[in-house]
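Before any comments, here is the structure.
Nothing in this text is a laboratory measurement; each read-out follows from the coordinates by a stated rule. These numbers were taken from a predicted model, which means no experiment stands behind them. Here Cβ is always computed from backbone atoms with ideal geometry, including for glycine, and neighbour counts include all displayed protein chains.
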Amino acid sequence: MKNLHLLNQAHQSKFQLSAGETGSILTGFICALPSIIFSFSLGFPVAALADTCVPATPDGAGLQACLDSAFDGDTILLPAGTYAPVVERVPGDPRSVTFDLFKSVILESYAGAILSGDLNGDDDGAGGNTGDNAKNVIRSTSGSTLQITLRGLTVRGGNGSVGAGILIANNNTSLTMDDVDFSGNRASAWGGGLYMRGSTLNIHNSSFTNNAAGITGGGINIVAPTMVSIENSTFSENHARVVGGINIASSLGSFSDVSITASSF
């Protein structure tokens, strides 16, 4: 099974890495979040200092409360614990619960916090008992220009059709991840661990293990990205009908904005 696949729709060119190989594709750049956000009120510039929120309880409700109160540039610092989403995106559909990101925030943990789609805590660790899991653990489809950072987290147990771990269907999003582990996420179509469309992706020191997709991109599926940078990361035991590790499809004329270095597949 091919583990890395870059498809240029304009020229139908492909780049592939087989299992056990490492790859380096040109060089990219890293986006950084500003620590100060400038806004305007009554015509006068106002500097808003970023704030930090620690959930009152180490669970999904506590995290959701921080997300609800967050402003652009805020940090949410998660203690150790397992955080399952609680807000239904579609009323009456318990599996539509998700952590919906519609602000430019930093989610980080220095204690190994887990964001989990296992709503009932009954996953068997072998892909069973997942029929009642959340369709997307994290979701961002707001249409706004966002800068999202995830650091020191595990994302696991999502079970949906697209982007079971994380779904970014927002052309204006920049997603940066450092020390983030994806495991046990299942998508019936594309992007078991992560699905992104038309966005910027930076991944550092992260892992994608035992994620799956019914069609392509068991670990990651990216469509029409503006920039992709992956370094010091590992992809193992990810499965799909076509491409298990990473599938990147672009309508651009080249892959000059794709950089994958010091990573294994």
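Here are the numbers:
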read-out: Sequence ranges 83-92, 141-150, 174-183, 209-218, ranked by mean other-Cβ count within 10 angstrom, highest first; value: 209-218, 174-183, 141-150, 83-92
read-out: Burial order of peptide ranges 103-115, 238-250, 153-165 (average beta-carbon count within 10 Å, highest first); value: 153-165, 238-250, 103-115
read-out: Computed E for V242/N171 - FRET, C-beta separation, R0 22 angstrom, nearest 0.05; value: 0.35
read-out: Linear extension gain, D122 paired with T57, 0.36 nm per residue minus alpha-carbon span; value: 21.3 nm
read-out: Local electrostatic count, N202, Cβ distance below 9 Å [Lys/Arg +1, Asp/Glu -1]; value: -2
read-out: Length added when fully stretched, S144-F102, from 0.36 nm per residue minus Cα-Cα; value: 14.4 nm
read-out: Dipole of segment 80-193 [Lys/Arg +1, Asp/Glu -1 at C-beta], most positive-end residue of V155, S174, S96; value: S174
read-out: Sum of side-chain charges, V105 neighbourhood, beta-carbon under 15 Å (Lys, Arg +1; Asp, Glu -1); value: -4
read-out: Gyration tensor (alpha-carbon) shape descriptor, segment 156-238, a/c threshold 1.5; value: oblate
